[in-house]
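Only one structure is covered here, and it is reproduced in the block below.
The values are calculated or read from the model by the stated rules, or taken from the named source; none is laboratory data. The structure presented is a predicted model; accordingly, all values stated were derived computationally and were not measured. Note: ideal-geometry Cβ built from the backbone for every residue, glycine included; neighbour counts use all protein chains shown.
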Amino acid sequence: MTNLIALAVATAILVMIPGPNVALIVANSIRYGFRMGATTALGVTCGNAIQLVLVVLGMTAIIQLAAEALTWIRWAGVAYLLYLGIRTWNAETEDLGSIKAAPAVFRRAVMIAAINPKTLLFIAAFLPQFVVLDAGAAGHPATVAAVFMAVLLAGDLVWAMMAGSARQLLDRFAKARNRTTGAFLVAAGVGLALSRR
């Protein structure tokens, strides 16, 4: 049980450190509100779950070997985030009540989280430390994975809630809202670009 407590604490600290996933959550929360921020957080969790499944299936070694060939996928994600950021930065101001989030918000979040090689390799190195095979259910890989994903989702929802609250303040400064959202999207792209194997 102590391994799960240690895992939860370590994961909570990890979630407090903003990266490309958090930047995307914050950007969508500011732009569309908490509901779409939470949708983004759920998408990020699903993208991380895809990576977790790959790790569990032992695909990390294959992905490491093929990482050079897959680099273009990451760069496509970087270009897409930069495009969204610049477009949002230059967008005309809108009434917050009239903004409708694109249904692709969830898919974008899954894609950005799933193509981040840094997260994949982090999961592969981080989670096995908390698997204790002789500790029963508390040390089982499925339990460790479930705790990890639950804490990640909870932390990302906190980010969405905080950014969603800032949205109301930024309503008075619509141009600043667009610039802030655009800056976070560009930051997510830069963070993804700086991700290394």
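Residue under question is Leu84, and the condition is that it be surrounded by 20 or more Cβ atoms within 10 Å (Cβ to Cβ) and modelled with pLDDT under 80; does it hold? It is true that Leu84 is surrounded by 20 or more Cβ atoms within 10 Å (Cβ to Cβ) and modelled with pLDDT under 80. Entry remark, the range 25-46: residues being in contact with an Asp or Glu (Cβ under 7 Å, 6 or more places away or on another chain) and under 10 Å from Val105 (Cβ atoms) number 0 in total. Would you mind stating whether Asn90 is modelled with pLDDT of 70 or more and surrounded by fewer than 16 Cβ atoms within 10 Å (Cβ to Cβ)? Yes: the conditions hold for Asn90.
Sub-9 Å Cβ pairs linking a first residue in the range 43-57 that is without any contact (Cβ under 8 Å) to a residue 40 or more places away in the chain to a second residue that is outside any helix (DSSP H, G or I), at least 6 apart or interchain, are Val53/Met59, ordered by first then second residue. For the range 15-52, the set of residues classified as closer than 13 Å to Leu152 by Cα and surrounded by fewer than 16 Cβ atoms within 10 Å (Cβ to Cβ) consists of Met16, Ile17, Pro18, listed by residue number. Looking only at the range 107-130, decide whether some residue is part of a helix (DSSP H, G or I), surrounded by fewer than 15 Cβ atoms within 10 Å (Cβ to Cβ) and at pLDDT 80 or above. Within the range 107-130, one or more residues are part of a helix (DSSP H, G or I), surrounded by fewer than 15 Cβ atoms within 10 Å (Cβ to Cβ) and at pLDDT 80 or above. Restricting to the range 28-58, give me the number of residues that are of a type in the set (A, V, I, L, M) and not in a helix (DSSP H, G or I). Residues in the range 28-58 being of a type in the set (A, V, I, L, M) and not in a helix (DSSP H, G or I): 1 in total.
Cβ-Cβ below 9 Å, separation at least six or inter-chain, first residue in the range 5-18 and touching a residue at least 12 places away in the same chain (Cβ under 8 Å), second acidic (Asp, Glu): which pairs? So the pair list comes out as Val15/Asp156.
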